[in-house]
Amino acid sequence: MDIALSVRFKKALASGFSMDVSWQAGREIVVLFGPSGAGKSLTFQILAGLVTPDEGHIQLEDVVFHDSRGDIDLPPQLREIGYLFQHYALFPHMTTRENILYGHRQPQGNAAASDLAAMLVRFHLEGLEQRYPGALSGGQRQRVALARAMMRKPKLLLLDEPLSAVDLAVRRSIRTELKNLQRTLNIPMVIVTHDLGEALALADQLIIYDLGHVVQAGTPDEIIHHPQNEIIAEWAGRTLLHGERSFSF
Amino acid sequence: MEAILTAARLSLLVSVTATALIALVGLALAYVLARRDFRGKHLLDALISVPLVLPPTVVGYYLVVLFGREGWIGAPLYRLTGWSFVFTWQGAALAAFVVALPLMVRVSRAALEAVDKDLINTSYVLGKSEWETVRKVVLPLAKGGIMAGVLLAFARALGEFGATLMIAGNIPGRTGTLPLSIYSAFQSGDDALAQTLAIILTIISGTVIYLAGKWTSSRWI
């Protein structure tokens, strides 16, 4: 596996919670799985440059995002990532069109107009250009958020609980869409979830978080067959025995 | 009739001037208090807000100490320019500014703090600077609260009496705003004039407060 993203950092919060993690990813779908409070979302904020780690090294391809020894800390504006917040964070005072264009580097130019048109087609949003987020369904909002993130031509995609706010009925199709998107872009896509079924269905690589540490990392198969602790073994066992895919922390 | 118009015109001049300054300074202070952490933040907050609870005469007293002809700032200013805030409409505007500023800061700060942090972070990740984010995301979403703050400050400035009396005095045509003219009319036994002025002030202030309430219920909640 070519390493595209390497992440190593320590961070202690005022609340007493502290993190110390290290993992790497290729141009694949990486799922961060673990109970809430394990540090998954904090990892995203650190990857995005919204929170500065106490020490560590974060690198995407040949761009160093953060290096505490070299005193490098790229601001979020320069990191070229697409970040989908759990509730999509669409600007409520902007239409679909304005939201998507917001991500463009030169929203007034001709290129922006054709990029916008392409996004509308790609994410099945034609006809919804003038709608405000309040008048969109959960699935539509997610596609607007994805389209907006894609306008930046990101080199890394971070998706925080992308399926938590959509109906069960559309989850399967969104999973397929996300997989296709990652295959087309060929960039690392990191997905946070606390739902095992989702993790197993999406992950090329599964990273299990607990209490601010990585408990185990590997392909879903490796983890199910060689669980490294009792908790993982328990749900891995259940998954194998019962085909139970709905386990979640 | 002449007296009513003069007082109303002066009140408007004083309140509009004070409110314009409050809108700029108050919004900047509100933003800093809402989005930044720094030493002395609570002290600054308290300093801005204390005129809310002090008797206006005490605020006026401090204004004289600071801006009077012998004041810490007033004395050098008088020496340099030969001009002073004392007994001028600018003095009345200064009093209105200090007394009404905390309303603007408190109301607009609450509105700025209510803007979802995820939206601000999304804007940064999408490559926008803090200034662009403020212009395109924060201010439009906090618009209702900011407008309410401006209107409340205007209403408070319009009704300012005690601090104005201390620094600007009560000179008809120069510093005799509506509230001060009501007092003068009442003192000199002109009950009809006092009544008319009181009704005018009530109508203006009532309308402004009504609008402030309406503005606060922003459309994007």
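Taken together, the values in this text are just the output of simple stated rules run on the coordinates, not laboratory data. In this text, all values refer to a predicted model and were calculated from it rather than measured experimentally. Cβ: placed from backbone, ideal geometry, glycine included. Neighbour counts: every protein chain shown.
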Net +/- balance of residues flanking A:His194 in space, Cβ distance below 12 Å, scoring K and R +1, D and E -1:
-4
Which FRET efficiency value, to the nearest 0.05, do you get for A:Asp54 and B:Trp131 by plugging their Cβ-Cβ distance into 1/(1 + (r/R0)^6) with R0 = 35 Å?
0.75
Rg to Rh quotient for the range A:33-175, alpha carbon positions, Kirkwood Rh:
1.00
Loop trypsin sites (Lys or Arg not before Pro), the range A:17-83 (other Cβ atoms within 10 Å of the site Cβ: 10 or fewer; DSSP)
A:Arg69
From Cα pairs below 8 angstrom and at least 6 apart in sequence, can you work out the relative contact order of chain A, rounded to a whole percent?
26
Cα→Cβ-extended label distance, 7 Å offset, between A:Asp71 and A:Gln86, nm
3.7
Apply the Karplus curve 6.51 cos²θ - 1.76 cosθ + 1.60, θ = phi - 60°, to the phi angles in the range A:24-32 and return the couplings in whole Hz, x for Gly and Pro.
9, 9, x, 7, 8, 8, 10, 10, 8
Take A:Lys153, project a point 7 Å from its Cα along the Cβ direction, then tell me which residues of the range A:73-99 have their backbone nitrogen under 16 Å from it.
A:78-82
As a test of the definition: which semi-axes, in Å, follow for the range A:127-169 when you take the square root of five times each eigenvalue of its alpha carbon gyration tensor? Largest first, please.
19, 16, 7
Percent RCO, i.e. relative contact order, over the range A:125-226, from Cα pairs under 8 Å lying at least 6 residues apart
20
Amide H neighbours of A:Gly82 under 5 Å, counting only residues 5+ apart in sequence or on other chains, H built in-plane at 1.01 Å?
A:Lys155, A:Leu156, A:Leu157, A:Leu158
Could you list A:Val215, A:Val170, A:Val21 so that the one with the fewest beta carbons within 10 Å of its beta carbon is first and the one with the most is last?
A:Val170, A:Val215, A:Val21
Among A:Leu202, A:Ser173, B:Gly213, pick out the residue whose Cα is farthest towards the positive end of the charge dipole of the protein assembly as shown, where Lys and Arg carry +1 and Asp and Glu carry -1 on C-beta, about the Cα centre.
B:Gly213
Exercise: per-residue mean of other protein chain Cβ atoms within 10 Å, B:85-95
0
Give me the inter-chain shielding for A:63-76: mean count of other chain Cβ atoms within 10 Å, whole number please.
1
In what order do B:Val105, A:Val51 fall by count of nearby beta-carbon atoms within 10 Å, going from fewest to most?
A:Val51, B:Val105
Only helices at least 18 Å long along their axis, Cα-based, and averaging -1.0 or more on Kyte-Doolittle count here, so list those DSSP H runs from chain B.
B:2-35, B:89-113, B:139-158, B:191-216
From the backbone phi of the range A:64-76, what are the Karplus-calculated ³J(HN,Hα) couplings (6.51 cos²θ - 1.76 cosθ + 1.60, θ = phi - 60°) in whole Hz, Gly and Pro given as x?
7, 7, 8, 8, 5, 6, x, 6, 9, 8, 5, x, x
Name the residues whose placed amide hydrogens come within less than 5 Å of the amide hydrogen of B:Gly68, ignoring near sequence neighbours (fewer than 5 apart) on the same chain.
B:Gly74
For the pairs A:Lys11/B:Lys41; B:Lys143/B:Lys214; B:Lys41/B:Lys117; A:Lys10/A:Lys40; A:Lys179/B:Lys128, note any where the Cα-Cα span goes beyond 22 Å.
A:Lys11/B:Lys41; A:Lys179/B:Lys128
Neighbourhood net charge (12 Å Cβ-Cβ; Lys/Arg +1, Asp/Glu -1) for A:Phe33:
-3
Spin-label zone in the range B:110-127 - amide nitrogen under 17 Å from a point set 7 Å from the Cα of B:Arg36 along the C-beta vector
B:110, B:112-113
With the contact rule set at Cα under 8 Å and sequence spacing of 6 or more, what percent relative contact order holds for the range A:92-153?
54
Which trypsin sites (Lys or Arg not before Pro) in the range B:1-72 sit in a loop by DSSP (not H, G, I, E or B) and have at most 11 other Cβ atoms within 10 Å of their own Cβ?
B:Arg36, B:Arg39
Here the whole-number average of other chain Cβ atoms within 10 Å per Cβ of A:83-93 is 5
Once both labels are modelled 7 Å past Cα along the beta-carbon direction, what's the B:Ile203-B:Leu12 spacing in nm?
1.3
